[in-house]
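A.B. asks: Sending over a structure as structure tokens; questions will come in a sec.
The values are calculated or read from the model by the stated rules, or taken from the named source; none is laboratory data. If you're wondering where the values come from, they're calculated on a predicted model, not measured in any experiment. Using ideal geometry, Cβ is built from the backbone for each residue, glycine included, and neighbour counts are taken over all protein chains shown. Note: accessible area is taken over every heavy atom of the protein model, side chains too, but ligands, DNA and RNA are not part of it. Shrake-Rupley method; radii C 1.70, N 1.55, O 1.52, S 1.80 Å.
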Amino acid sequence: MQYVAPVGIGVLYALLMSLVREPHRRHLNALMVAGAGAAYLSGGGLGGWEFAFTALLTCVAFRGLDSWTFIGIGWLLHTVWDIVHHIKGNPIVPFAHASSLGCAVCDPVIALWCLRGGPSLIDMFRDRGRSREEPRATMAL
């Protein structure tokens, strides 16, 4: 369950973001990855490196305002930061020891969705259902 729930959270994130129309979806995701960059600031587990990482992810997120690829890269960078924090013992949620590990599992799911261009999963499922329907024959009179 330690790995399944974070994957489900990543999919749920993409589903909920699918409710937002483009280009607002991309802009909102750029803001989300920028916020994720600052998630560890209050813990200070890596000292000044926390500020350097926040600055890096802010730059990546700014580029993400125009590029889903940069948003995906931002989530992958955050995954690496999660792993470092998990190994060092500085979890993202101080009272949940495995929270950084869970985040490191969730973030690549979101990154993959972003690297595919952040498509609306709702529209994809809706369109898939339509393509399975047989076209009805019509008679020309």
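A.B. asks: Cα-based Rg of the range 24-97 per 2.2 N^0.38 Å, rounded to two decimals?
C.D. replies: So the range 24-97 has a normalised radius of gyration of 1.09.
A.B. asks: Can you give the accessible area of H24 in Å² (nearest 10), computed on protein heavy atoms with a 1.4 Å probe?
C.D. replies: Counting only protein heavy atoms, H24 exposes about 120 Å² to solvent.
A.B. asks: Additional query: Would you mind telling me which residue in V109, V93, V60 has the biggest mean-square fluctuation in a Gaussian network model of the chain, where springs connect alpha carbons within a distance under 10 angstrom?
C.D. replies: V93
A.B. asks: Now for a different question. How big is D for the range 5-48, in µm² s⁻¹ as a whole number, if Stokes-Einstein is applied with the Kirkwood radius of its Cα pairs at 37 °C and 0.692 mPa s?
C.D. replies: 270
A.B. asks: Same structure again: Given the protein chains as shown and a 1.4 Å probe, how many square angstrom of F53 are accessible, to the nearest 10?
C.D. replies: Its accessible surface works out to 10 Å², give or take rounding.
A.B. asks: Would you mind telling me which residue in R26, R116, R128 has the biggest mean-square fluctuation in a Gaussian network model of the chain, where springs connect alpha carbons within a distance under 10 angstrom?
C.D. replies: Checking each option, the largest mean-square fluctuation is seen for R128.
A.B. asks: Would you mind getting the accessible area per residue of the chain, heavy atoms of the protein chains only, 1.4 Å probe, in Å²?
C.D. replies: Computed with neighbouring chains in place, this is 62 Å² per residue.
A.B. asks: Of the options S18, G8, W49, report the single residue whose Cα projects farthest towards the positive end of the charge dipole of the chain (beta-carbon charges: Lys, Arg +1; Asp, Glu -1).
C.D. replies: Farthest along the dipole direction, towards plus: S18.
A.B. asks: Scanning the chain for helices, which whole DSSP H stretches are 27 Å or more long along the axis (Cα) and average 0.0 or more by Kyte-Doolittle? Before the final figure, lay out the partial values.
C.D. replies: Numbers: long enough: 68-88 (30 Å, 0.71).
Those that pass (Cα extent of 27 Å or more, hydropathy at least 0.0) are 68-88.
A.B. asks: Between S42 and R126, take the C-beta separation as r, use R0 = 30 Å, and let me know the FRET efficiency to the nearest 0.05. Present the calculation step by step, with values, prior to reporting the outcome.
C.D. replies: Numbers: r = 41 Å, r/R0 = 1.36.
Computed FRET efficiency for S42 and R126 comes out at 0.15.
A.B. asks: Using only helices, what value at 222 nm comes out for the chain when you add -39,500 (n - 2.57) per DSSP H run of length 4 or more and divide by the total residues, to the nearest 500 deg cm²/dmol? It would help to have the intermediate numbers written out before the result.
C.D. replies: Values: 6 runs with 94 residues, N = 141.
Calculated at 222 nm, the ellipticity per residue is -22000 deg cm²/dmol.
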